[in-house]
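A short write-up of the structure that comes next.
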Protein chains: 2
Amino acid sequence: MKKETTPSHIIQQNDRPSILVVGTGAIGGYYGAQLAKAGAVVSTTHRADFSIVREHGIHIDSKNGSYHFKPAQVLQHVTEYEGFPDYILVGLKVLEEISTAEMLFPVVGPSTTIVLLQNGVEIEESVAQAFPNNELLSGLAFVCLSRTAPGHISHTCYGHLTLGRFPHGNSPAAQKIAQLFETAGIPCPVTETIALERWKKLVWNAAFNPISVLSQGTTQDILSHPASAYLVQRVMEEVCTIAEAAGYSLPEAIIQKNLEATQRMKPYKTSMLLDYLAGRSMEVEAILGNPLRAAKRHQVAAPHLETLHAVLSLLVKQGKDSDEAR
Amino acid sequence: MKKETTPSHIIQQNDRPSILVVGTGAIGGYYGAQLAKAGAVVSTTHRADFSIVREHGIHIDSKNGSYHFKPAQVLQHVTEYEGFPDYILVGLKVLEEISTAEMLFPVVGPSTTIVLLQNGVEIEESVAQAFPNNELLSGLAFVCLSRTAPGHISHTCYGHLTLGRFPHGNSPAAQKIAQLFETAGIPCPVTETIALERWKKLVWNAAFNPISVLSQGTTQDILSHPASAYLVQRVMEEVCTIAEAAGYSLPEAIIQKNLEATQRMKPYKTSMLLDYLAGRSMEVEAILGNPLRAAKRHQVAAPHLETLHAVLSLLVKQGKDSDEAR
């Protein structure tokens, strides 16, 4: 499946970097559009929305104004991409049934930089191993996005990114794509310690996402019921303990700050609850399974997280089994 | 609301004990029918099924043969009962919104024995305090029953009872009602330590009931998924630890025996899952909240049980809130 290598400097004759978005859901579509806005040549791959996007492009209805994004190439599969892109922006979910490395293989050229814009902790290793000679950036999006219809994305809050080289450090490629995002108005600090940032984001995600799915509650429902508010704190403490054992000391006030910020928010359905209600896959392993594997590796107890993972992973399995039975 | 006291020996002129079933669901209906079979004068109270039962009685479709039970008095409310019964058989669920003591008050005479045929641990105290001069028996049913239609009960497996005096000990009243059950073919050992028996039964219930609801899985689904099979064991261990701290040493092999027996069963939907799927109330506090309060009292950690309780009690609250919003 690997295409014949045509050096990317022959294809890219100008200064406009070429970018291929793989997994163009709400995240991939929104941030791909920002890069196009900043002058990059952005192409996209799609499953369900391919025909509509090829014909009509992507419409983004943003709190900052609505706009339209017409990708350079609209593809069903990465093998249809002409040449090799300077950057691949991965907006795929982190799911056991998706091998990101396999999917990217045909389109990763010798000087392609891979950017994972995905949730969870310890999600980079398989891609890093598959492409040991390529630069790998790891990024987090802090944003409220949803795909409201085929080819339509709604952007309701936040939007900033954090990017860094995997496993740590900085690089010209990181600086360059961060600069493109900044040009488009997206704050995108480059961090030397992206793994630490992933653990920091996980503090909120590992608590609110699974509890919201299992209880069908909003953030406000969860915090106004004493037993679940208490559980949120215990899970956050466990994440901090695991992160510490894994070598990432989180700021002491992080739990209190997360709780206070959530109290101030409007009642909010987590992205995992929205996925569950819509029958979409949930990133249970990236958010819960991976930190638990880290806990096991470092012999740290995390019984609350463990309970949420056990029940939620069984719920996911039940859903898959019933899909297969159809 | 208290009726004028007419000594029960005037009303009960013969040797056939009078029994009032309060909360005639599947449990109350089935065991009331057994007592009638053994010669007792059994009356029943109903909410939804009142009209149908008054006209047609209760039909029991049992693995041991089908039969029909025509109660002596069919009532909507205990105040309509003529006289005071020798026994009140309580088949009500243990729910926060139901005060069993208040409900029984009008019909408890000076020599009425109260029999709680209910699930959970530490469920007797409020009734014991409300009727300090009445004999209180506490009992557990090991049985698979369901109400298949108004006035219809299906009995598919098991059936035996365990009864004992609360808080412990034996009594002639316990012996007498146990003898009636035995006459009807229901094994009913009288135990001196009913609280211990409650903790023993809780080992299974506290693990399988909540996990089945949150994951929508059968017993087999739960045991064939490694993470949830592991969780079952952890919860069972926590129940044993709490019971021990509360003064009830459970047999060492109890967890292994429970797991093996469940493996041998056909895939089984727990009663709590059936309640959840049918939109009925779940006994979350009797099964999870009460053992957790015991854990707190004895300063024992039970983080897995705590997590299940937090999420499930929020799920219940969500359901109630949406009922109220209708």
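A few notes on this one:
- Taking 19 Å as the straight-line reach from the Cα of B:Lys320, the aspartates and glutamates in range (excluding those fewer than 8 positions away in the same chain) are A:Asp221, B:Glu96, B:Glu97, B:Asp275, B:Glu283, B:Glu285.
- Legend: distances between Cα atoms for A:Lys269/B:Lys266; A:Lys63/A:Lys201; B:Lys201/B:Lys266; B:Lys63/B:Lys296; pairs beyond 31 Å are A:Lys269/B:Lys266; B:Lys63/B:Lys296.
- Two-site FRET efficiency, B:Ser66 against B:Gln318, from Cβ-Cβ distance with R₀ of 45 Å, rounded to 0.05: 0.70
- Area hidden from solvent between B and A (accessible, protein heavy atoms only, 1.4 Å, total, Å²): 2200 Å²
- Taken one residue at a time, the phi angles of the range B:106-114 give Karplus couplings (6.51, -1.76, 1.60, θ = phi - 60°) of x, 10, 8, x, x, 10, 7, 9, 9 Hz. Gly and Pro are set to x.
- For B:Gly65, inter-copy separations between label points set 7 Å beyond Cα along the Cβ vector come to 8.5 nm, shortest first.
- Within 10 Å of the Cβ of each residue in B:292-304, the mean number of Cβ atoms contributed by other protein chains is 1.
- Cysteine residues of chain A whose Cβ has no partner cysteine Cβ closer than 4.7 Å: A:Cys188, A:Cys240.
- Across the identical copies, the 7 Å label point of B:Glu252, projected outward along Cα→Cβ, sits 4.6 nm from its counterparts, in ascending order.
- FRET efficiency, 1/(1 + (r/R0)^6) with R0 45 Å, evaluated for A:Tyr158 and A:Ser111 via beta carbons: 0.90
- Counting only other chain Cβ atoms within 10 Å of each residue's Cβ, the peptide A:210-216 averages 5.
- Whole-Hz couplings from phi, Karplus 6.51/-1.76/1.60, listed for the range A:158-173; x for Gly and Pro: 6, x, 6, 10, 10, 10, x, 6, 9, x, 6, x, 10, 6, x, 5
- Label 7 Å beyond Cα on the Cβ vector: A:Gln220 copy-to-copy distances, nm: 4.4
- Where labels lie 7 Å past Cα in the beta-carbon direction, separation of B:Asn133 and A:Glu97 in nm: 6.8 nm
- The range B:72-216 - percent of accessible surface contributed by carbon and sulfur, probe 1.4 Å: 52 percent
- For the range B:104-136, backbone nitrogen atoms closer than 16 Å to the point 7 Å from B:Lys176 Cα along Cα-to-C-beta are found at B:108-116, B:134-136.
- Structural descriptor for chain A: relative contact order 15 percent, calculated from alpha carbon pairs under 8 angstrom and at least 6 residues apart.
- Share, in percent, of DSSP beta bridges within the protein assembly as shown that are antiparallel, nearest 5: 40 percent
- Shielding score for A:314-321, defined as the mean number of other chain Cβ atoms within 10 Å: 5
The values are calculated or read from the model by the stated rules, or taken from the named source; none is laboratory data. Model, not experiment: these values are computed from the prediction. Quick reminder, even Gly has a Cβ in these numbers, built from the backbone with ideal geometry, and neighbours come from all protein chains shown. Heavy atoms of the whole protein, side chains included, go into the accessibility calculation; ligands, DNA and RNA do not. Shrake-Rupley method; radii C 1.70, N 1.55, O 1.52, S 1.80 Å.
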